[in-house]
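Scroll down for the structure; my scribbles are underneath it.
The values are calculated or read from the model by the stated rules, or taken from the named source; none is laboratory data. Every value quoted in this text rests on a predicted model; they were computed, and no experiment measured them. Ideal geometry is used to build each Cβ from the backbone, glycine not excepted, and the neighbour counts take in all protein chains shown.
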Amino acid sequence: MPTGYTYYVQTPRLKDDDWNSLKSIIKTKGLRVVSLDLPTSHQFSVINDEFTGRMLSAINDLMLDMLVAIARKDYVDRRRRQKEGIVKAKSEGRYPGRPSDTELQQKIEGMLTDKKSYDYIQHILGCSRTTISKVSKRLKQEDPKP
């Protein structure tokens, strides 16, 4: 990235390790971060003396770290609340989950019965190996061999 350019991005919701890695890249490249969420970062364009620039840089680094931490916490909290809501809705019978694709499963059953390979079934039907495996397990449970 060339120096002197300004890139506007949304505050990331990165994990600590990822954020520290990104921060070191930003510092190595000599980039200045101007965040729409951080009004003090907009003042970088009018700095004339070194002391003020270093002070604003330190303040902005601290504020940006806080914004990233808050954004990450908000993301984690929303995911946790979503999972809790799904568990509650399932227990009350209001969240049935994704319906099974019975047509696809019947096709897989037929191909497994015809001794077709997983690779062949996956290629022809465009389904995952996991789906094929689930159908195969169900078939074995329904018709156990002596």
Could you identify the single residue in 106, 122 that is on the phi < 0 side of the Ramachandran plot, exposed (fewer than 13 other Cβ atoms within 10 Å of the Cβ) and not assigned by TED's automatic domain parsing to the domain that holds residue 22?
106
For the subset of region 43-95 comprising residues that are among the hydrophobic types (A, V, I, L, M, F, W, C) and touching a helix residue (DSSP H, G or I) at 6+ places or on another chain (Cβ under 8 Å), which member is nearest to residue 32 (Cα to Cα)?
44
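Inside region 88-103, can you point out the residues that are exposed (fewer than 12 other Cβ atoms within 10 Å of the Cβ) and under 30 Å from the mean Cα position of the chain (by Cα)? Working first, answer last.
First, pick out the residues of region 88-103 that are exposed (fewer than 12 other Cβ atoms within 10 Å of the Cβ): 88, 91-94, 96-100, 102-103.
88, 91, 92, 93, 94, 96, 97, 98, 99, 100, 102 - these are the residues of region 88-103 that are exposed (fewer than 12 other Cβ atoms within 10 Å of the Cβ) and under 30 Å from the mean Cα position of the chain (by Cα).
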Taking into account only those residues within region 1-53 that are among the aromatic types (Phe, Trp, Tyr) and at pLDDT 80 or above, which is farthest from residue 68 (Cα to Cα)?
51
